[in-house]
Amino acid sequence: MAAHRLDQARAAHRGYFRWRRLSRVAIVAFGVFAVMFSLWALPWLPRGLNTDDYTPQLALSVYLMAGVAAAAVFALAFQELARRDRESLMVWGTVFDEVSGLHNRTYLYDRLSLECEKAARNGGVFSIVALQIRLGGSAPGSSPALPTSALQDIGTLLDCLTHPSDLVAILSGAELAVLAVGVDRNDRASLQERLRGAVAAGLPRLLKDPAPISVRCGGATYGEDSTDPGTLIQTARQAAILIPRGPAQAA
């Protein structure tokens, strides 16, 4: 089965470049024929048709052919641009959340799986941190979604506080996650406190809401808490949920 899929991938790869070469040949041929037609049809050039050859019927035919060619070129160009935009949207949708623009849960899980494989192979370490924001004294796990602008600003804030190789992603409408590469259990505690403190300090200004705000932070470290991506995420989220009530805490 694996060999069959590999053969299919190789065939698709060869087909892609074959069609690209043929499309380039077709474009060159179109350009050559367009130049030849222009040299023949334009009456003020030394060779080809002249003004005496242009009857109203022939002139209309030339105009119609030029219009068809121009419409075909524009149609193909617009179709190619639409295809590229569609591919970009498909790639964007697999990586980013459509509402907030942050990395989505699917991409977080995929990246987490890769980090687990790398850590198992090279003996590395990393941590996952979950930040849960509860508004107006809401119960654990039932906080209403934050405004999109607030989520975007919090994501930007967390990006500034983390390493470029780390990943900030959205878990829910009021929950964010940070994949911290190279952070062990001891370093995770200080990272959680720093992230939690920054979010707790910035949220009142972003929300402009006098209602009480609770920011809770839980974490999990590869190797010590689990080696499975899904379990690591669940452990970090559960650690934040089980924190005793308070204005802002980390565990």
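The values are calculated or read from the model by the stated rules, or taken from the named source; none is laboratory data. From a predicted model like this one, the values you see are computed outputs, not experimental measurements. We place every Cβ from the backbone using ideal geometry, glycine too, and count neighbours over all the protein chains shown.
Residue 80: over 30 Å from residue 202 (Cα atoms), without any contact (Cβ under 8 Å) to a residue 60 or more places away in the chain, among the acidic types (Asp, Glu) and in the same structural domain as residue 223 (by TED's automatic domain parsing), yes or no?
no
For the structure I just gave you, tell me whether residue 63 is in a helix (DSSP H, G or I), over 30 Å from residue 154 (Cα atoms) and modelled with pLDDT under 80.
no
Out of region 204-236, which residues are modelled with pLDDT under 85, assigned to a helix (DSSP H, G or I) and among the hydrophobic types (A, V, I, L, M, F, W, C)?
Scanning region 204-236 gives 206, 207.
Restricting attention to region 158-210, and to residues there that are out of contact with any strand residue (DSSP E or B) (no Cβ under 7 Å at 6 or more places or on another chain) and among the polar types (S, T, N, Q), which single residue is nearest to residue 132 (Cα to Cα)?
172
In this structure, is residue 23 at pLDDT below 85 and within 23 Å of residue 63 (Cα to Cα)?
Values: at pLDDT below 85: yes; within 23 Å of residue 63 (Cα to Cα): no.
When the stated conditions are applied, residue 23 does not pass them.
Can you name every residue in region 193-224 that is surrounded by 19 or more Cβ atoms within 10 Å (Cβ to Cβ) and touching a Ser or Thr at 6+ places or on another chain (Cβ under 9 Å)?
Quick first cut of region 193-224, residues surrounded by 19 or more Cβ atoms within 10 Å (Cβ to Cβ) only: 195-196, 199-200, 203, 213-222.
If the condition is that a residue be surrounded by 19 or more Cβ atoms within 10 Å (Cβ to Cβ) and touching a Ser or Thr at 6+ places or on another chain (Cβ under 9 Å), then 195, 200, 214, 218, 219, 220, 221, 222 are the ones that fit.
Among the listed residues 96, 78, which satisfies the condition of being over 30 Å from residue 219 (Cα atoms), out of contact with any Phe, Trp or Tyr (no Cβ under 6 Å at 6 or more places or on another chain) and among the hydrophobic types (A, V, I, L, M, F, W, C)?
Exactly one residue qualifies, and that residue is 78.
Pairs under 6 Å by beta carbon, first residue over 13 Å from residue 165 (Cβ atoms) in region 103-119, partner among the aromatic types (Phe, Trp, Tyr) and buried (at least 20 other Cβ atoms within 10 Å of the Cβ), six or more apart or different chains?
Hits for this filter: 119/222.
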